[in-house]
Structures are given as C-alpha cells and as structure tokens.
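First up is the structure itself, then whatever we jot down about it.
The values are calculated or read from the model by the stated rules, or taken from the named source; none is laboratory data. Since this is a predicted model, take the numbers as computed values, not measurements. Cβ coordinates were reconstructed from backbone atoms using ideal geometry, including for glycine residues, and neighbour counts include every protein chain displayed.
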Amino acid sequence: MFRKVFIACSILFFFCTIPAFATIGVGINNGKIIITEKLKPGAIYKLPNIIVFNTGTEVSDYELSIKYNEKQPEIKPDGSWFHFSPDHFTLPPHGTKSVTATLQLPLNAQPGNYFSYIDAHPIVGTMRGITTIGIAAGSKVYFTVIPANTLSAIYYRLFSLFTEYAPWSYIIVSSIVIIALGYFFGRKFKINIGIQKKD
C-alpha cells in the first residue's frame, strides 16, 4: 500500500513540476537565400527580410550574426559585409520580428562563389532553470561576385548609395547642380557687365 502511494505521489510531483522548467527557443522563416544576380564589388544589395520567432516559453533577447562551415569550398564573406536592422531585439513567447538585411560589398571584394549562414540566436543570460545550450536557427546564403576594376567598384558603390537614399539623393544632387549653374551664369553675367562698362 505504501509503495503504491509513493509511486502515485512521485508521478503527481513529476507532472506538477514540468511547467516550472522554462525554455528559450528560436526559429527563422527562410532556410535558404540564393541570390541569382551576379553581384558587383562596391555595390549594396537588400536581402529578403529575416523573420525571427521565439519558440520558447520565456521572454528573450535575440541577435543575428554570420557563421560558416569550417571546411566549406566557397569563399567566406566577412561578417562586416552584412548589416541588420534591428541588430538585436526582445521577443515575448511565440513573438516574431522582421529584420531588414543588407549586403554591402567592399570595393576590393574577391570574385567567386560565396557562402555563409545568417544565424539567429538568443543572447544567453544567467537565468536559472532555463534551457539555452546550442539554441540557434540559420538561413543559408549563396551569392557570386563578378570581377570589376576599382573605378567600376566606386561607380557601383555611388550608384547603390544614390538608389538607396532616394528621393533625398535626387534632391541633394539637383540642389548642387542648380547652385553650380547659378554660380556659373552669375559669374559670367558679372564678367559681361564689367567688359561693357570698360568699353
């Protein structure tokens, strides 16, 4: 009798304490990003948005980073080429966040095939009773960089910046052109008046 009571109490204790073990999890919407366009050194490219999910039972802070396979045949892009907005954030249980991802190639980017992971993971704290070891979700990123000389790379960078910051870039350039033309014609008009007075 005592044995049966002991077993029943143990089972009841086990099921009652399960909810006390909090978990932190992470998920990502896109497992693979393949950029079919041939990329140019110096240019800036917008990647598909990354949707991050909190699959755990606790509020958690998250961040994104770049990871690689240790022996991958493809070139490893530098982590500084990738920019995320926001770069870190907090999610409630089952919450989601859309992160803007941008790839900015340097002027001297090596031509070839590239591969990396965009890795989403919780920022692990020191909270007791929360399982956090090895939690991460990654999206594979493939892209190819074509050869370009320095002048071409500078052109692609300026063109990318001009496009990214439109319409303000158009307004600024137009203003500079108008001011330059005004200065040029104003100076020419003054010269003509000076010549006429001298005659």
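Residue-by-condition table, conditions (1) in a strand (DSSP E or B); (2) crowded, with 17+ Cβ neighbours inside 10 Å; (3) at pLDDT below 90:
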{"residue": "I7", "(1), (2), (3)": "no, no, yes"}
{"residue": "L12", "(1), (2), (3)": "no, no, yes"}
{"residue": "P19", "(1), (2), (3)": "no, no, yes"}
{"residue": "I34", "(1), (2), (3)": "yes, no, no"}
{"residue": "K38", "(1), (2), (3)": "yes, no, no"}
{"residue": "K46", "(1), (2), (3)": "yes, no, no"}
{"residue": "G56", "(1), (2), (3)": "no, yes, yes"}
{"residue": "F84", "(1), (2), (3)": "yes, yes, no"}
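None of T96, T100, T90, T55 is free of Cβ contacts under 8 Å to residues at least 40 places away in the same chain and out of contact with any Gly (no Cβ under 8 Å at 6 or more places or on another chain) except T90. Take the residues in region 86-108 that are of a type in the set (A, V, I, L, M, F, W, C) and at pLDDT 90 or above, then tell me which one is farthest from V145 (Cα to Cα). Among those residues, the one meeting the criterion is L91.
Could you tell me whether A109 is more than 25 Å from T57 (Cα to Cα) and part of a strand (DSSP E or B)? Here the answer is no, as A109 does not meet what is asked.
Here is a check on your reading of the model: is T102 touching a His at 6+ places or on another chain (Cβ under 9 Å) and not basic (K, R)? Outline the logic, then answer.
Working: touching a His at 6+ places or on another chain (Cβ under 9 Å): yes; not basic (K, R): yes.
Judged against the criteria, T102 is a match.
Applying the criterion of being surrounded by 17 or more Cβ atoms within 10 Å (Cβ to Cβ) and modelled with pLDDT under 60 to the residues of region 116-143, the residue that is farthest from the chain's Cα centre (by Cα) is I130.
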